[in-house]
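Structure first, commentary second.
The values are calculated or read from the model by the stated rules, or taken from the named source; none is laboratory data. Being a predicted model, the structure only gives us computed values, none of them experimental. Glycine gets a Cβ as well: all are built from the backbone with ideal geometry, and neighbour counts include every protein chain shown.
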Amino acid sequence: MLAYTLRRIAQAVPILLLVSLISFGIMQLVPGDPAAVLAGPNATPDELVHLRQTLGLDKSLLTQIMIFYGNLFQGDLGYSIILGEPVLKVVIERSPISISLAIYSLILTIVFGLFIGVVAAMKHNRWIDQVAMAFALIGVSVPNFWLGLVMIVLFSVHLGWLPTGGYVPFFEDPIGWFLAATMPALSLALMQIGLLARLTRSTMLEVLGQDYIRTARAKGASEPRVIIKHAMSNVLIPVVTVLGMILSVLLSGSVIVETIFAVPGIGALLGNAILGRDYPMIQGGLIFVAAVLLILNIAVDVLYAWLDPRVRVQ
Amino acid sequence: MTSLEMNDTRSEPSFLRRFMGGRRVRRLLRHRSFMIGLWLCLFVTVIAVLAPVLSPVDPNKMAIRSRFQPPSLDFLLGTDNLGRDLFSRVAWGARLSLAIGLGVVLLNAVFGVLLGALAGYFRRLDGILMRLSDALMAFPSVLLAIGIAAAMGASAMTAVISLAVVYIPRTARILRASVMQVTELEFVNAARAAGAGDLHILRRHILPNCMAPLVVQLSFVFAYAILSEAVLSFLGLGAAPTDPSWGIMISEGRSYIREAPWMTVIPGMAIAITVLGLNLLGDGLRDVLDPRVKMEH
């Protein structure tokens, strides 16, 4: 198990180096002189020269890459132009907010996704199945930011049940956190609930057709026992494999959902960086999020290998 | 069927027969979700193509006197904060969304096939191409598109390129897997033994047999591209602000969501209907063409 974990970590290192190179490359796509874009139309030539020096833009591309990697190895992701602070510091400060939101959406995804998928499989081809799958399909087809806005109109403006946005730290006021985070978490989770429900249903149907389930039923086990004790453990394995993908989509969606609900997490940070053309922030933010996702994916793989020992040998 | 006969049927892979073969078409036509998806997609396509004819007025024509009109017989889908007719804007928006989606699909078809075939067939290229795709796929999908679009500057072309970069590695991976599977089959060995060159084998024998998973994947890429384009436009990174894009319309509607909720609701429903149609179409295609990855039973 340890060897497998170490092997997965070793495989991730070159990917992380490539990820940072791609992030560096993306910033080379800025047309014209990035310093001129950053400094705005009223900058004096002196200011431009100074900015180019600060950003290292006056050096050759190769030197810029070397400096970039040198800084990266020291944990320096650059300096945010808008906030005037190191990118890493800001990103780490905002992380707990996004993480708490992601965990909340993940819980919603797993609970509802599994529940809807299992119920649909148990009532295969009956009306409950049709309704559940229609819901799942709508879930994967509706834009999450639009859903967020519609929920604001419904639950905040008309019914007044939930605040329109903002963020309350969990440890200061758990109920306030719950009220503020429910709509953002739901809009982030809906698509994943749809995906997971569809996957769970098809896996469950496959598992329910296997011989050992027939044996369990023949032995007189009750239907809930067959589902929970016998089928569920085999349904969970493919579900674990999509956890990485689910986390990726949750992180992706956070830019727009956090912006809409005024949640001051990493997503909103990146959203503001885009509006303000804060390129170092965008670049550093991309690297940070991709690195977090890589680590989470390793964790998911290790969890998968722990659940299914056959994977370790491959 | 003897093994020889099986090999016979596999040794003459014809694109037309595999695709338009009567049995498959009949199965598709009987597939409920495929047909619903097909009708929804046709509906959106007809609106997009006929936008100039269907729109009562120019989508950018402002009429300050008729601002914030709710949907009615005069204004089928209402008007926005500048008095622009929302029906015209939604119809022209369909053109833009479908055009961007198609652009992403075409780039995926070309580069996904090219890179997937190279990686799957020429094993020496596999390592480097797959590590590169691993790295690109390590970014959360929309976030990478946002990063590229933010750097390149907002335009419809930027949206197409940035979304293509996000989805090409995923398409290439699927094609690579099928190419690797087909390469192992006997008729490929037979073609090689008969002296066929690599390119000939790839083009005539392998790729036609990899089309089913590709078509299924492209239908989903189309759906994701339309959803993600809306995200980019909403953030001001997609089409130009003056273009009637669904994402931009939602973003504009956001400021007036209390007074004129239809400004937000209607373009969102347009996106949902289009993406739903494409997803249903993709589900049907997957069930019929590529039963190995069957999700719906």
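Quick notes on this structure:
- Test: residue in the range B:248-256 that is at pLDDT 90 or above and at the interface with another protein chain (Cβ under 8 Å from one of its Cβ atoms): yes
- Scanning the range B:209-221 for residues that are under 22 Å from B:GLY268 (Cβ atoms) and either outside any helix (DSSP H, G or I) or away from chain A (no Cβ under 12 Å) (or both) yields a total of 2.
- Checked against (1) within 12 Å of chain B (Cβ to nearest Cβ); (2) surrounded by fewer than 18 Cβ atoms within 10 Å (Cβ to Cβ), A:ILE266 passes all but condition (2).
- Taken over the range A:245-263, the criterion of being of a type outside the set (A, V, I, L, M, F, W, C) and at the interface with chain B (Cβ under 9 Å from one of its Cβ atoms) is satisfied by A:SER248, A:SER252, A:GLY253, A:SER254, A:THR259.
- Matching helices (runs of 4 or more DSSP H) fully within the range A:15-77 where at least 3 residues are closer than 27 Å to A:VAL289 by Cα, over 30 Å from the mean Cα position of the chain (by Cα) and away from every other protein chain (no Cβ under 14 Å): A:45-55, A:61-73
- Hits in the range B:45-67 (condition: modelled with pLDDT of 80 or more and touching a Leu at 6+ places or on another chain (Cβ under 7 Å)): B:THR45, B:ILE47, B:ALA48
- Some residue of the range A:82-90 being at pLDDT below 90 and of a type in the set (Gly, Ala, Ser): yes
- Where a residue in the range B:62-78 is on the phi > 0 side of the Ramachandran plot and its partner, wherever it lies, is assigned to a loop (DSSP other than H, G, I, E, B), with Cβ under 6 Å and at least six apart: B:PHE68/B:ALA260; B:GLY78/B:GLN69; B:GLY78/B:PRO70; B:GLY78/B:PRO71
- Annotation note: of A:GLY148, A:GLY117, the sole residue that is touching a residue at least 60 places away in the same chain (Cβ under 8 Å) and within 20 Å of A:GLY265 (Cβ to Cβ) is A:GLY148.
- The single condition among (1) closer than 17 Å to A:ARG94 by Cα; (2) touching an Asp or Glu at 6+ places or on another chain (Cβ under 8 Å); (3) surrounded by fewer than 24 Cβ atoms within 10 Å (Cβ to Cβ) that A:VAL292 does not meet is (2).
- Any pair with Cβ under 7 angstrom, 6 or more apart, that starts in the range A:239-258 at a residue that is at pLDDT 85 or above and hydroxyl-bearing (Ser, Thr, Tyr) and ends at one that is crowded, with 21+ Cβ neighbours inside 10 Å and not in a helix (DSSP H, G or I): A:SER254/A:GLY265
This table checks each residue for (1) touching a Ser or Thr at 6+ places or on another chain (Cβ under 6 Å); (2) on the phi > 0 side of the Ramachandran plot; (3) hydrophobic (A, V, I, L, M, F, W, C); (4) at pLDDT 85 or above.
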residue: A:LEU18; (1), (2), (3), (4): no, no, yes, yes
residue: A:SER23; (1), (2), (3), (4): no, no, no, yes
residue: A:LEU29; (1), (2), (3), (4): no, no, yes, no
residue: A:PRO41; (1), (2), (3), (4): no, no, no, no
residue: A:GLU47; (1), (2), (3), (4): no, no, no, no
residue: A:GLN53; (1), (2), (3), (4): no, no, no, no
residue: A:GLY56; (1), (2), (3), (4): no, yes, no, no
residue: A:THR63; (1), (2), (3), (4): no, no, no, yes
residue: A:SER80; (1), (2), (3), (4): no, no, no, yes
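- A:LEU307 being at the interface with chain B (Cβ under 9 Å from one of its Cβ atoms), surrounded by fewer than 18 Cβ atoms within 10 Å (Cβ to Cβ) and not β-branched (Val, Ile, Thr): no
- Residues located in the range A:269-287, provided they are within 9 Å of another protein chain (Cβ to nearest Cβ) and among the polar types (S, T, N, Q): A:GLN283
- The condition (being modelled with pLDDT under 85, in contact with a helix residue (DSSP H, G or I) (Cβ under 6 Å, 6 or more places away or on another chain) and either more than 29 Å from B:ALA149 (Cα to Cα) or surrounded by 15 or more Cβ atoms within 10 Å (Cβ to Cβ) (or both)) is satisfied by just one residue among B:GLY101, B:GLY78: B:GLY78.
- Which numbered condition B:VAL221 fails, given (1) free of Cβ contacts under 8 Å to residues at least 60 places away in the same chain; (2) crowded, with 22+ Cβ neighbours inside 10 Å; (3) not hydroxyl-bearing (Ser, Thr, Tyr): (1)
- Test: residue in the range A:201-208 that is within 17 Å of A:LEU243 (Cα to Cα) and either surrounded by fewer than 24 Cβ atoms within 10 Å (Cβ to Cβ) or more than 13 Å from chain B (Cβ to nearest Cβ) (or both): yes
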